[in-house]
Every structure is written in C-alpha cells, then in structure tokens.
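Written out below as structure tokens is the structure these notes cover.
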Amino acid sequence: MTESTNRDEQQVDSSNAPLFTDRDNDSDMTKKQVIAGANTTNTCYLTIVYTTRNGENRTLLVRRSSTELEKLGCKKRLPGVLTVGVKKCGTSALRFFMNSHPQVMFSDDVEVHYFDKRNNQTIKWYLEKMPYTTQDQISTEKTPRYFVSADVPRRIFEDISPDVKIIMVVCDPVNRAISDFVQVSKALKSSDSTRHIARLSPLYSLKRTFEDSVIKPDGTVNINTALIDVGLYVKHIRRWLEYFPLRQILVIDGEDIKRDPYMELKKIENFLNLSPYFTKDHFYFDTGKGFFCLGLPMRKCLPKGKGHHHPQVNKTVLLKLREFFKPHDQQLEFLLNRTFHWSNEAPFNDRSV
C-alpha cells in the first residue's frame, strides 16, 4: 500500500481549482505557509498540506484529472462501512484518525444525513456525496443521527447492501447526556437559533438546567428527551440487529479512543480487512489540549473547540441516572459479551466530552 499524507474533508476538482478554495480562506490562515505538496501515486487525489496562522496543520485534496481518474480506476462508490453514532461519544475523533488511513476515504460532507433527513433525495444524490476511490479503497461516511433513527437500518440494508459494515461508538450514557445538553444548549443560543430550535426542541425539550431536563417534576427520569433516549444503547442496537448480524457491527468504547487510539484503530483495520498501517508512532498526546493527536505523516490535532466544559450536576440526579441506565447497560454487556469502562464509574462527573 502506497504511503499517503493525511486527509481532511476538503476536496476540490484540479481542473479549475486554485491552490486554496474560498472555504479555506479564513482569517487564521496564511497562504504563504504551504509546507508540502504530495503527488502520491495510485490515489484519486493530490494532497496539499498547509499551516494556518495559529499553527494548525491542514490538508486540501485536489481531485486528479479525468484522464488520471480513469487510468487509476477511480470512481464514486457507495460506502462499504458507515459510522452511525453515537453522538457525543467520540465519532469525530474516530473519523479524524480513520481518515488518515490510505485505504479509507470519507464523504465530502462531515455528516451526510441521507438516510435520516434527505427523504426527497435519491441514491444517485447520495452517491455524488461520496469521494472518488480506487478498487483498493473503502468509501465511507459518518452520521451519528443514524444510530437512533428508526428506519435507517432498513434503508441502508436495501439501498447500499446487506453486507455493509457498521461502526458504533458508545460511551458513559450519563456523561454523554450532560455533554449533549451543553452542546444543544449552546446551539439554541447561537445566532441561527430559530433554525436550531425548530430542529432540536421536539427531540430534547430542554429546560434551563440539565437536572430539570432529565428529571420530571414527579422525580422520575424523563425518557422522552433525546438526552436520555440516545443513551439506551441496547434498545437501538437491537433494531440494527434486525438487519445486520453482529459480526458486521463493531462497537467501540469512546473512552478507549481517548485513552489508546492506536489499539482502537488496529481493531478497525482488522474489522475492515485493511492493510496494516497504524503504528504507535502515528499518535502522540498533546498535553495542552488534553487528548491524542496524529503524529504521522504530519502533526495534526482536532480543533481546540472539541470538548465542552461540563456544569456541576446535582449528585442525587447523577445517582438516579446511573441507577436508571444500569439495567440497560447490563443488557448491552450481555448482548456484546464485554464490559465497558463506565460500568464501575463513580456516580459523579468531572470530565468534558
């Protein structure tokens, strides 16, 4: 397998593209700091690597000419694997790391939402969202909302293939709910709040505090909010098992990605039958950001905005939530024949996700 430089979501057509697109021309970038231009062989894109003014390394993919694409057997292919969730459990980190494997190519859009929202679009539209790939590469996409959308497993089964592989990332459902609350609350206060409220409010029914959002006035857990429902992993996974056998589903603990991304990426390589690529040298821990980054083929991290500070939550509420999720987590562990980090966690939160 030919070595390739790290890729990111930005892809342009070489036939009419400047060195940088308008999408790249933000206030923190200097065009003069291009540090590499990799003419990699046997790939459908050329990779340009550059550095922003704040020191962030980024990449720009430039599609090869039509003649070169034909010669290399490059074309748009439906996904062979999909990362379907779970929201706030580390799917962005998983995409970030997987995207550097030479045999994996992600869709142009970070989240396509074809199977849960684009009911007016066709499979042809979906195919156009996919990257150009060679026969040795896997086309893929990540949309966390797929995990909890009722009809998505059937649609993927029928529209793509019964043989498609599914990756799920799960995490402590209590910390996940808190992180989701923080993110959605922030979105509702954004400048585009009208659109966000229309889209999010029916799912979340957020109150002023996390406690009031997840606990009803009678003291019971509010199972009608997405903050809680998304964390009922075993319920949602059973729906996926109606269409895909467990051997086609890889469930990853998001905490494992944070603690040791190398081991999780090796699991994914084996699951997808990819050529071995990742080594321990591909990852390094950034003490300033508090999480692992890519060290090879260039040093690159997720944006600093990843991770949100959690508010202090009433310990009585935390205990009630852990007791609520406990039987569901036990069913999940029995179904998958494994244990998860949060099963033995103390009933309080002191982390950002």
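Bridging of Lys186 to lysines at a Cα separation below 19 Å is possible for Lys87, Lys88, Lys207, Lys304, Lys306, once same-chain residues fewer than 8 apart are set aside.
For the pair Gln248 and Lys76, the difference between a 0.36 nm per residue extended length and the Cα-Cα distance amounts to 59.7 nm.
Per the Debye formula on identical point scatterers at the alpha carbon atoms of the stretch 209-294, with no solvent, log10 I(q)/I(0) at q = 0.11, 0.22 Å⁻¹ is -0.54, -1.02. Using alpha-carbon positions, what is the distance between the centroids of the stretch 42-110 and the stretch 214-259, in Å? So the separation of the two Cα centres works out to 28 Å. Peptide packing for 58-68, 273-283, 95-105, 74-84 was compared via the average number of neighbouring C-beta atoms within 10 Å per residue; ordered from the highest value, the list is 95-105, 74-84, 58-68, 273-283. Working from label points 7 Å from Cα in the Cα-to-Cβ sense, the Arg53 to Ala150 distance is 5.1 nm.
Read the figures in this text as sums done on the coordinates, not as results from a lab. This one's a predicted model, so the numbers in the text were calculated from it and none came from an experiment. Note: ideal-geometry Cβ built from the backbone for every residue, glycine included; neighbour counts use all protein chains shown.
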